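The next block holds one structure in the form of structure tokens; read it before the comments.
The values are calculated or read from the model by the stated rules, or taken from the named source; none is laboratory data. What you see is a predicted model; the values in this text were computed from it and never measured. Positions of Cβ are generated from backbone atoms using ideal geometry, with glycine treated the same way; all protein chains shown enter the neighbour counts.
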Amino acid sequence: MNPIQHVAIIMDGNGRWGKKYKNSRNAGHRAGLNTVENIIYSSIKNKIKYLTLYAFSTENWKRPQSEIKFLFKLLNNFIDQKIDEFNKNDIKLKILGNINIFNLKLKKKLIKSEEITKNNMRLQVNLALNYGSKSELIYAFNKLKKQKLSITEKNLEKYLYTNKIPDPDILIRTGNTKRLSNFLLWQLAYTEIYFEKKLWPDFNKNDYSKILKKFKVTKRNYGNI
Ligand code: FPP
């Protein structure tokens, strides 16, 4: 049986769900937040140590202002309402992505949330926000160049947002779309990928359990036979 340390998820399909059931993409994002919470607690039950959620990409800025505004309002409320509960449940929050361009209030809130929860051990939730894998890699390569360090896997990984985090064992993408969308391109080199037909708001604990079960009996070769 394969142990599962790290699950990464591309939470796709909120917009389509919202349009279909409520005639509003934003309603889909709101519904998607319930799934976020369910999957966090389900990860704890399954003794997973790291859960990485792709919440906002560097490309998502192309969306209409009203949707971007709504997503950040959701994020703000989510942190305000949940951080104490997460802390009590021994959950550590880490942000992956460049938060320097966020307004100062949100930036401070995110840094404070990381600070409050930094010693928690049960589950680490990595929230990818304004995250793009290509810019993460370019940043890391430039760091190596500036510091005149040789280009090795070990040196490069020191400058990725995921430094000290094991690579994902599992990547799940919901929403019936098969692409990586600039997510963890380096870190996914040997990850098992599961494409799920359901839209993110419909994805539930049973769907999650089924994937975890499948993974546990998958033979991982890492290039060997
Ligand atoms: C992709 O679905 C989803 C997003 C870009 C945002 C993900 C956000 C949430 C799950 C809610 C907010 C989360 C937090 C943690 C505050 P899409 O909008 O691309 O869906 P579509 O493919 O149907 O258009």
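Here are a few things to note about the model shown:
- Residues satisfying the stated conditions in the stretch 189-225, i.e. in a loop (DSSP other than H, G, I, E, B) and of a type in the set (A, V, I, L, M): A189, L199, V217, I225
- Of all the criteria given as (1) surrounded by fewer than 20 Cβ atoms within 10 Å (Cβ to Cβ); (2) among the aliphatic types (A, V, I, L, M); (3) closer than 19 Å to I170 by Cα, the one not satisfied by L104 is (3).
- Hey, N76 within 15 Å of the chain's Cα centre (by Cα), surrounded by fewer than 17 Cβ atoms within 10 Å (Cβ to Cβ) and at pLDDT 95 or above or not: no
- Qualifying residue in the stretch 51-64 (condition: within 14 Å of the ligand (Cβ to nearest atom), of a type in the set (S, T, Y) and assigned to a helix (DSSP H, G or I)): no
- Entirely in the stretch 87-188, the helices (runs of 4 or more DSSP H) that have 2 or more residues that are modelled with pLDDT of 95 or more and of a type in the set (S, T, N, Q): 133-146
- The stretch 62-72, residues that are surrounded by 13 or more Cβ atoms within 10 Å (Cβ to Cβ) and over 18 Å from the mean Cα position of the chain (by Cα): R63, E67, F70
- Residues in the stretch 2-50 that are near the ligand (Cβ under 8 Å from one of its atoms) and of a type in the set (S, T, N, Q): N14, T35.
- L184 being crowded, with 18+ Cβ neighbours inside 10 Å and within 15 Å of the ligand (Cβ to nearest atom): no
- Residue that is nearest to the chain's Cα centre (by Cα) [pool: residues in the stretch 110-128 that are without any contact (Cβ under 8 Å) to a residue 24 or more places away in the chain and over 9 Å from L93 (Cα atoms)]: I111
- The sole residue among S42, S57 that is in contact (Cβ under 8 Å) with a residue 60 or more places away in the chain, of a type in the set (G, A, S) and within 18 Å of K92 (Cβ to Cβ) is S42.
- Evaluation of F78 against (1) assigned to a helix (DSSP H, G or I); (2) touching a residue at least 40 places away in the same chain (Cβ under 8 Å); (3) in contact with a strand residue (DSSP E or B) (Cβ under 6 Å, 6 or more places away or on another chain); (4) not β-branched (V, I, T) (one fails), failing number: (3)
- Pairing residues of the stretch 9-38 that are farther than 20 Å from L129 by Cβ with residues that are part of a helix (DSSP H, G or I) and within 9 Å of the ligand (Cβ to nearest atom), at Cβ distances under 6 Å and at least 6 apart in sequence or on separate chains, gives W17/G28; W17/P201; G18/R25; G18/G28; K19/R25; S24/G18; A27/G18.
- Index of the failed condition, V7 passing every other in (1) modelled with pLDDT under 95; (2) assigned to a strand (DSSP E or B): (1)
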